[in-house]
1. Which residue, of Ser177, Ser106, Ser136, Ser117, is within 24 Å of Ser68 (Cβ to Cβ) and out of contact with any Asp or Glu (no Cβ under 6 Å at 6 or more places or on another chain)?
2. Checking Ser152 against (1) among the hydroxyl-bearing types (Ser, Thr, Tyr); (2) farther than 26 Å from Leu198 by Cβ; (3) surrounded by fewer than 17 Cβ atoms within 10 Å (Cβ to Cβ), which single condition isn't satisfied?
3. Hey, could you check the range 179-213 for residues that are surrounded by fewer than 19 Cβ atoms within 10 Å (Cβ to Cβ) and basic (Lys, Arg) and say which is nearest to Leu157 (Cα to Cα)?
4. Find the residue count for the range 103-143, including only residues that are within 30 Å of Ala173 (Cβ to Cβ) and outside any loop (DSSP other than H, G, I, E, B).
Amino acid sequence: MITTEMRNGTKEKGNGVKQRWLNGLTSLFILGLLQGCASGEFAGQEAQNQITSDRIFSQPEAYRLGPSDKLRVMVFGEPDLSGEFVVDDQGKLDLPLIGDISANNSSVKELESRIVSALKDGYLKEPRVSLEVLSSRPFFIQGEVARPGEYSYKNGLTLQDAIAVAGGYSYRANTSSIFIRPVGSNYEVPVNLTGARLYLRPGDSIRIPERYF
């Protein structure tokens, strides 16, 4: 015969098991959150280390071509093969005779050599080619500068140069931490100006935060 005391004991035991199960789930959830925060912080630090190690040079790196760059192509002695061309969304130039040729992420010298090789392949014996970048992809700066907006990129542009082009800091600017979203990235990383020359790339976005005290 099951007494009232036995029923109560069984009920209390069941409640205890349920509570321990809930406590275990809560602990796992909190642990997951902490690990996620730690991994996110680590990823952010990794991104910051990567951008600073990639961008701090004693000399600027060679300009790399990309979509929307406008080029003047000169094929000496061949005016019909010369002209102004724009790199398309796929990173290609559509040139007379040779058609599409890849330009994306190439230096000017690399693309010149590629065009020479293509022209030698059944078109010209000793082609001489010269390229000039007429306009490049812009960089962007927003936040606490005098004139936020979009500006033309020039090879060798530094973060300090970009801020100067935008009219310098506003009086509210927090100059101790500046954010850059590298071209092609979905995240921005903090950088600080400690005398190092941080070179930008076309398409980079800069944000100068506000100082609150």
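Taken together, the values in this text are just the output of simple stated rules run on the coordinates, not laboratory data. Because the structure is predicted, anything quoted here is derived from the model rather than measured. When we count neighbours, we look across all protein chains shown, and the Cβ atoms used for this are built from the backbone with ideal geometry, even at glycine.
1. Criteria check complete, one pass: Ser106.
2. (2)
3. Arg197
4. Result for the range 103-143: 7.
Every residue, every condition in (1) of a type outside the set (Ser, Thr, Tyr); (2) without any contact (Cβ under 8 Å) to a residue 24 or more places away in the chain; (3) surrounded by fewer than 17 Cβ atoms within 10 Å (Cβ to Cβ), yes or no:
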| residue | (1), (2), (3) |
| --- | --- |
| Asp100 | yes, yes, yes |
| Ser106 | no, no, no |
| Ile115 | yes, no, no |
| Gly122 | yes, yes, yes |
| Glu126 | yes, yes, yes |
| Gln142 | yes, no, yes |
| Leu159 | yes, no, no |
| Ile163 | yes, no, no |
| Ser177 | no, no, yes |
